[in-house]
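Peer 1: For reference, the structure I am asking about is given below.
The values are calculated or read from the model by the stated rules, or taken from the named source; none is laboratory data. It should be emphasised that the depicted structure is a prediction, and the values quoted were computed from it without experimental measurement. Note that each Cβ is placed from the backbone with ideal geometry, even for glycine, and that neighbours are counted across all protein chains shown. For the accessible areas, the whole protein counts, side chains as well, though only heavy atoms, and no ligand, DNA or RNA atoms are used. Shrake-Rupley method; radii C 1.70, N 1.55, O 1.52, S 1.80 Å.
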Amino acid sequence: MKKCLFTIVILLLVFNILRAQTVILIDNKGNRNQTYPSVTETNSAIVEMINQVDTVNLYNDIDWMQQYVRDAAKPEALIVQNYLLDKFEEIGLETYIHNHTATIGGTDTLDAGNVIAIQPGTEYPDEYIIISSHYDHPDGPGADDNASGTAGVLECARILSQHSFKRSILYIPFNGEERWMVGSFPFAQKCARENMNILGVFNLDMIGFWPGAEYGDITMYSGYSYISQHLFEYYQQVANLYIPDMPTRRFSTMDSYGGDHMSFNIYEYPALYIGDVEYQYQNIHYHKPTDTIGAGVNCFALAQGFVKATIAAVAELADGWLAPQDFSAVVKDGEVFLSWNESAETESYKVFKDNEFLVETTENFYVDKNFVEGEWHRYYVKAVDINGMESVDSNPDSVFYTQPLQLPVAYDFDNGMAEGLTLNNDNWSFVNKGLKATTNTFDNIFQIAEFQWFPIADSIENVTFGLKIAKKLYPMWTSGESGQPYNVNVFVEATTDRKTWNKLAIITPSKQNQWEDFSISLNEYIGNEYVQVRIRYEGSGQGTTTISDNIIYLDDLYISFDDVGINDIPIQENFYLSVSPNPTYGMVNIMTGIEHPYNIYVYNVMGVRVFLNDSFSDGVLDLNHLPKGVYFITVRNGLDKISKRIVLK
């Protein structure tokens, strides 16, 4: 497992690698609303599986790996990679190596890759469950970190591969976790690009250390981000049912500490950290030459418990009956349109409104014509099988308005109002004529400010969303320009169906507690009858060394179109914006009619400001220093601004 014990030099090197890897925006391909089966009684076949977990196998695999210092970029990592390939192939699994192009420390390259072993599902082979670990370790035997978790993955594969399941299982020991997740991150990115349906990731990382009898009975812990809360609740239910004498609890600290699960969280794939780091500070062998069997790994009963819990949770999920997924409620023609994905093994669906049964249907959609305007209505659906049994609830969705937001629109929050803007919880407040979101760092961060829905007519030529933002974010677990791979940042997203929220920009204010302006194009949504935009501020808790709050401030939110910037405060001075030639090779004539110097900004298509002149006068603007592409030129005159799109050839 990666922690803050690496040297500053290595951190900076890897920081630069990730900056290069993470500037590409990829929509959230996972399903943060994934639901899981409700497991209330044990399955005798699964009981038989977990009874096969053999600590001798765990011991032998850990003992073999601890003989090597398995630094990710060294030959020893390649030796272990091939050992893992052999182990998976011996039990009949198809394997391949996912290699990637990470370069570390100038000349070091990762010749060893991620080891992928595949157990195809018999009925839903395109639905995946992942059991993962990392096999690299930079500065010692690494018996607990993380030969133990990798041995656990091998034992899970040995037992589960003897059985057939409806869904596919991937067994993945990653390389490069200790180099800041440079192995798992490109793999998770690959999964997102290919739109893989991953139901959950169970990441075994350090499973063999227990601090002693003074801490009571042996207890298993897991950590999760907000995205993975439903997966943790499912895992905890199953683990406590099958292994009641070894309770499963949430970490009291370190939810966001480094681990390969976090690479999947970036793309909203639910993923858990499963391991012994609840007691990391009691483990004097962590990242030391003494991390060996008997010291770093001193409790094979705990390791066995983690493996049993993972096998039980994966087996139940691989054959489980799932509730309908991707439930959403949107407005069409003044009525609420409910839709969801078809659920396998289902005869019909029961639709609920405000926790009361509404209708039963065999279709995977329903139109509610009896909506009361101006009141919140909460919807969800259950699947019904051939025997009349009902699934658990789908994810819920709520509707307040059937009438669209009238554009253009702006919010300055001076009156402490935000009509047409939905705030997801009580952590939002109006402060100093702005909107403030405060989240204590001891819990997971999840703040959303969501615009009411609106159409964008075909006749509109240009649509822009803009805002002012200031922040106080603690950066210990953020890295790179985009804040990845730790998912602690502010995102602007849009949707046309409330199922997939497309990432438009990652808002990264460059200064603490200072206002900065951003504008983002919505032109790709021109012609859509239903569009929503939201600001999402999210990250895992426990990511700092202080109990202070993380805070963002928002102001002057607007959506404007037809190349006209808007503000609901009367303009101070009439002006216009003429940009020519357009397209241009770099030299642009700017005319506004403003008779004094003014501020001029240039933003790229992700809303990142790439140029500022705070004392510009009408004349020639030189943009030759910018790469070819599409940009937005914005002129600000006091409280008002106008934007024009320009193409650099």
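Peer 1: Roughly how many nanometres apart are two label points built 7 Å out from the Cα toward the Cβ at residue 96 and residue 67?
Peer 2: Rounded to a tenth, the inter-label distance reads 3.2 nm.
Peer 1: Given the whole protein assembly as supplied and a 1.4 Å probe, what does the accessible area of residue 56 come to in Å², nearest 10?
Peer 2: Surface accessible to solvent at residue 56 totals approximately 80 Å².
Peer 1: Would you mind checking which residues have amide H under 5 Å from residue 594's amide H? H placed 1.01 Å from N; only 5 or more apart, or other chain.
Peer 2: So residue 594 has HN proximity to 576.
Peer 1: Calculate, in nm to one decimal, what residue 595 and residue 252 gain on full extension: separation in residues at 0.36 nm each, minus their alpha carbon distance.
Peer 2: Here the answer is 117.4 nm.
Peer 1: For a 21 Å ceiling on Cα separation, which of these pairs sit above it: 332/499; 436/472; 433/468; 436/468; 332/503; 332/369?
Peer 2: In this structure, 332/503 lie more than 21 Å apart at Cα.
Peer 1: Counting only residues 5 or more places away or on other chains, whose amide H sits under 5 Å from the amide H of residue 137 once H atoms are built in the peptide plane?
Peer 2: Distant-sequence amide H within range of residue 137: 70, 71, 72.
Peer 1: To continue, here is another question. Viscosity 1.002 mPa s, temperature 20 °C: what is the translational diffusion coefficient of the range 201-360 from Stokes-Einstein with a Kirkwood Rh over Cα pairs, rounded to a whole number of µm²/s?
Peer 2: Answer, rounded: 118 µm²/s.
Peer 1: Given 0.36 nm per residue, what is the gain on full extension from residue 42 to residue 432 after removing their alpha carbon distance, in nm?
Peer 2: Length gained between residue 42 and residue 432: 134.8 nm.
Peer 1: Further, regarding this structure: Work out the length of the dipole vector of the range 248-368 about its Cα centre, built from +1 on the beta-carbon of each Lys and Arg and -1 on the beta-carbon of each Asp and Glu, and round it to the nearest 20 debye.
Peer 2: 840
Peer 1: Something else about it: State, to one decimal in nm, how far the label point of residue 400 lies from the label point of residue 342, with both points 7 Å from Cα in the Cβ direction.
Peer 2: It is 3.6 nm.
Peer 1: Per-residue HN-Hα couplings for the range 164-171, Karplus 6.51 cos²θ - 1.76 cosθ + 1.60 at θ = phi - 60°, whole Hz, x for Gly and Pro?
Peer 2: 9, 10, 5, 10, 7, 10, 10, 10
Peer 1: Each residue of the range 370-376 in order: what ³J(HN,Hα) in whole Hz does its phi give by Karplus 6.51 cos²θ - 1.76 cosθ + 1.60, θ = phi - 60°, with x for Gly and Pro?
Peer 2: Per-residue couplings from phi come out as 10, 9, 9, 4, x, 10, 6 Hz.
Peer 1: Against the empirical 2.2 N^0.38 Å scaling, what ratio does the C-alpha Rg of the range 347-430 come to?
Peer 2: So the Cα radius of gyration is 1.47 times the expected 2.2 N^0.38 Å.
Peer 1: Among residues other than residue 298 whose Cβ falls under 13 Å from its Cβ, what is the net charge (Lys/Arg +1, Asp/Glu -1)?
Peer 2: Charge balance in the 13 Å sphere: -3.
Peer 1: Shifting gears a bit: May I ask you to rank 529, 127 by accessible area, largest first, using a 1.4 Å probe over the protein chains only?
Peer 2: Sorted descending by solvent-accessible area, the residues read 529, 127.
Peer 1: Given the Cα-Cα distance of residue 301 and residue 389 and 0.36 nm per residue of separation, how much length would full extension add, in nm?
Peer 2: Length gained between residue 301 and residue 389: 27.9 nm.
Peer 1: What list of ³J(HN,Hα) couplings, whole Hz, do you get for the range 174-180 from phi and the Karplus terms 6.51, -1.76, 1.60, once you set θ to phi - 60° and write x for glycine and proline?
Peer 2: Rounded to whole hertz, the list is 8, 9, x, 5, 6, 9, 6.
Peer 1: Residue 362: net charge of surrounding residues, Cβ under 12 Å, Lys/Arg +1, Asp/Glu -1, itself excluded?
Peer 2: Summing Lys/Arg as +1 and Asp/Glu as -1 gives -3.
Peer 1: Still on this structure, I have one more. Please report the net charge: other residues with Cβ closer than 14 Å to the Cβ of residue 311, K and R +1, D and E -1.
Peer 2: -3
Peer 1: List the residues whose amide H sits under 5 Å from the amide H of residue 610, counting only those 5 or more places along or on another chain, with H placed 1.01 Å from N in the peptide plane.
Peer 2: Placed amide hydrogens put 602, 603, 604 under 5 Å from residue 610.
Peer 1: Using a 1.4 angstrom probe on the protein heavy atoms only, could you order 49, 389 from most to least accessible area?
Peer 2: 389, 49
Peer 1: OK, next. At a Förster distance of 25 Å, what's the computed FRET efficiency of residue 587 paired with residue 628, Cβ-Cβ distance as r, to 0.05?
Peer 2: 0.95
Peer 1: Same structure again: Largest first, how would 622, 426, 614 line up by accessible area (1.4 Å probe)?
Peer 2: Largest accessible area first, the list is 426, 614, 622.
Peer 1: Considering only C-alpha atoms, what is the centroid distance from the range 182-257 to the range 319-350, in Å?
Peer 2: The range 182-257 and the range 319-350 have Cα centres separated by 29 Å.
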